[in-house]
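Undergrad: Questions regarding the structure given below will be posed in turn.
Every number in this text was worked out from the coordinates using simple rules, so none of it is lab data. In this text the structure is predicted, and so the values were computed from the model without any measurement. All Cβ positions, glycine included, derive from the backbone under ideal geometry; neighbour counts span all protein chains shown.
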């Protein structure tokens, strides 16, 4: 079926990076589960209340690190999927960089000191901005035909 491929061959890198992010998300989910047991925060409680749990801040930092990653996930996936159509290698590299920064964002947050999430985690915005540029480029290419 030569000549009928809709996506560039390198788009496979985009797909693999997206799956890699899913593994990171699973790992963060397990970290929150472990923190629930460690800090005695039962389901369905989303955040611990400091007046009821002296270690609430420690749990909440773990939970918040994961929650923030979930909040950014739809935007990350959309930018990767669309921008990757025209720029698969650049998007895959930016996506991998984003995942690394997300890991450090989570690890820093999970220490209980929210400022530590920014040590390396703050650079994830550079990856998001790069992905936005790739997606804008894709959109312009589509409009030009």
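Undergrad: Grab every C-alpha pair in region 1-49, bin the distances at 5 angstrom width from 0 up to the longest one, and report whole percents.
TA: Values per bin, smallest distances first: 5, 16, 16, 12, 11, 9, 8, 7, 6, 5, 4, 2.
Undergrad: To test your reading of the geometry: what angle, between 0 and 90 degrees and rounded to tens, separates the Cα axis of helix 11-38 from the longest principal axis of the chain?
TA: In the chain, helix 11-38 runs at an angle near 10 degrees to the longest axis.
Undergrad: With r defined as the distance between the Cβ atoms of residue 27 and residue 137 and R0 fixed at 30 Å, what FRET efficiency is calculated, to the nearest 0.05?
TA: 0.40
Undergrad: Find the eigenvalues of the gyration tensor of the Cα atoms of the chain, then list the square roots of 5 times those eigenvalues as equivalent ellipsoid semi-axes, largest first, in whole angstrom.
TA: Each semi-axis is the square root of five times an eigenvalue, giving 36, 15, 12 Å.
Undergrad: For residue 78 and residue 115, FRET efficiency with R0 = 35 Å and r from the beta-carbon atoms, rounded to 0.05? Mind dumping the intermediate values first?
TA: Details: r = 29 Å, r/R0 = 0.84.
Calculated transfer efficiency: 0.75.
Undergrad: If you take the beta carbon distance between residue 49 and residue 19 as r and set R0 to 30 Å, what does 1/(1 + (r/R0)^6) give as a FRET efficiency, to the nearest 0.05?
TA: 0.25
Undergrad: Treating the angle as unsigned and between 0 and 90°, give the value, to the nearest 10°, between the Cα long axis of helix 56-86 and the longest Cα principal axis of the chain.
TA: It works out to around 0 degrees.
Undergrad: Ok, one more. Can you order the peptides 67-77, 87-97, 127-137 by their average number of other Cβ atoms within 10 Å per residue, highest first? Don't skip to the end; give the middle numbers.
TA: Details: 67-77: 15.0, 87-97: 21.0, 127-137: 17.8.
The packing order, highest mean first, is 87-97, 127-137, 67-77.
Undergrad: Assuming 0.36 nm per residue, please report the length gained on full extension of the stretch residue 71 to residue 125 beyond their Cα-Cα distance.
TA: Extending this stretch completely gives an extra 18.1 nm.
Undergrad: For helix 124-144, report the angle its Cα long axis makes with the longest principal axis of the Cα atoms of the chain; keep it between 0 and 90° and round to the nearest 10°.
TA: The helix 124-144 is inclined about 30 degrees to the chain.
Undergrad: Please list, by residue number, everything in region 86-106 whose backbone N is under 17 Å from a paramagnetic label point 7 Å out along Cα→Cβ of residue 34.
TA: Answer for this model: 103-106.
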